[in-house]
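In what follows, a single structure is set out as structure tokens and then discussed.
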Amino acid sequence: MERTEAELIAAVLRGDAASFEPLVEKYSPRVFATARRYARRESEIEDIVQEVWLKAFQKLVSFRGDAPFEHWLMRLAVRTCYDFLRGHQRNRESMFSELTDPEEDWLDRFVTQPESANENADAARLLIERIMDQLSPPARLIITLLEIEDRSVKEIAQLTGWSIPLVKVRAFRARAEMRKLLAKMAKDKYL
Amino acid sequence: MKLPELQKKLISAARTQTVSDHVPYAFEKRVMAYIRSCPAVDVTALWAQALWRSAGACLAVVAVLGAVSIFTPHSTKPAPGDLSQEFEKTMLAALDSDYSR
């Protein structure tokens, strides 16, 4: 008979580490999907997910069980991804003059006929990835959670551990940072 | 270029992008091996270790100060250049002169 999550957690806390494996198996797809939002290279993604599971194992004693295990785990995952962003701040000064031809074409199309520039195009996705890579860690986290994953401010506060006013302030700054990057991209390309 | 519109389009582009939830083969085995290889962090043990170390250092300081106080020769009369006595005399000079009147 399959054991419930609560039983597995209780067994791990009693010292039966093997009972942790079914939890890893069940929730790894969710954790991988989250990590792939913040890291590109597969080796980095695997490192993040491994780190999430190690933290989950070590901090399992702090899981009170009043909320689903998945919520607790996702909080850990988001915080680990944020730590990763802070620790691996790439060269955020990369120039927009390095745009690929499809990206340039998409931008040209947007300038001449904004309606014809399709948001489903791969070039648009590459452009947004490029911009996300250049955002500061808090801005990237907030834009991902708020704008791309469409989460509420309250949810983000719970996931990140930030207060609601702080989330609002950081969201305002993140949008401004993104607009500034877009302005820089436009200036690099057209001026 | 209309930047707010461009921002909106690019965000929509990011939303349409599906994120893969693919898990590498036998990843859970790898995680379990990694967890087993990492020494368990016992916070109370770390505290206990730090406290024992600081207790040792405190005992060493006490021993040195004790030895200094035992082996330093004491004299009942203050030395002529005793700073504490000179300081006290200076501080209480005004009072002494009042009482002597």
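None of the figures in this text is laboratory data; all of them are computed from the coordinates on show. All of these numbers come straight from a predicted model, not from anything done at the bench. Note that each Cβ is placed from the backbone with ideal geometry, even for glycine, and that neighbours are counted across all protein chains shown.
Quick look at the values:
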{"read-out": "Violating pairs (Cα-Cα greater than 24 angstrom) within the set A:Lys154/B:Lys2; A:Lys26/B:Lys8; A:Lys180/B:Lys2", "value": "A:Lys154/B:Lys2; A:Lys26/B:Lys8"}
{"read-out": "Length released on extending from B:Arg36 to B:Thr16, taking residue separation times 0.36 nm less the Cα-Cα span", "value": "3.3 nm"}
{"read-out": "Dipole moment magnitude, nearest 20 debye, the range A:1-116 about Cα centre, only Lys, Arg, Asp, Glu C-beta charged", "value": "700 debye"}
{"read-out": "Rounded to 10°, Cα long-axis angle of helix A:164-190 versus longest principal axis of chain A", "value": "30 degrees"}
{"read-out": "Acute angle (nearest 10 degrees) that the helix A:42-58 long axis makes with the longest principal axis of chain A, alpha-carbon atoms", "value": "30 degrees"}
{"read-out": "Inter-centroid distance (Cα atoms) of the range A:104-152 relative to the range A:8-39, Å", "value": "32 Å"}
{"read-out": "Bins of 5 Å from zero: percent of alpha-carbon pairs in chain A", "value": "1, 7, 14, 16, 16, 14, 11, 8, 5, 4, 3, 1, 0, 0"}
{"read-out": "CD proxy at 222 nm, helix term only [per DSSP H run n ≥ 4: -39500 (n - 2.57); per residue of chain A; nearest 500]", "value": "-21500 deg cm²/dmol"}
{"read-out": "Förster radius 41 Å - calculated FRET efficiency between B:His74 and A:Ala17, Cβ distance, rounded to 0.05", "value": "0.05"}
{"read-out": "Gap separating the Cα centres of the range B:7-77 and the range A:53-77, nearest whole Å", "value": "20 Å"}
{"read-out": "Inter-chain shielding of B:66-72 (mean C-beta neighbours from other protein chains, 10 Å cut-off)", "value": "0"}
{"read-out": "Average beta-carbon neighbours from other chains, 10 Å sphere, peptide A:41-50", "value": "2"}
{"read-out": "Mean residue ellipticity (222 nm) of chain B, computed from DSSP H runs ≥ 4 via -39,500 (n - 2.57), nearest 500", "value": "-22500 deg cm²/dmol"}
{"read-out": "Across A:Lys168/B:Lys9; B:Lys9/B:Lys29; A:Lys168/B:Lys29, pairs whose alpha-carbon gap is larger than 31 Å", "value": "B:Lys9/B:Lys29; A:Lys168/B:Lys29"}
{"read-out": "Peptide B:20-29 - average C-beta neighbours from other chains (10 Å radius)", "value": "6"}
{"read-out": "Chain B - charge dipole about Cα centre, Lys and Arg +1 at Cβ, Asp and Glu -1, debye rounded to 20", "value": "940 debye"}
{"read-out": "Peptide ranges A:128-139, B:20-31 listed from the most packed, as the mean C-beta count within 10 angstrom indicates", "value": "A:128-139, B:20-31"}
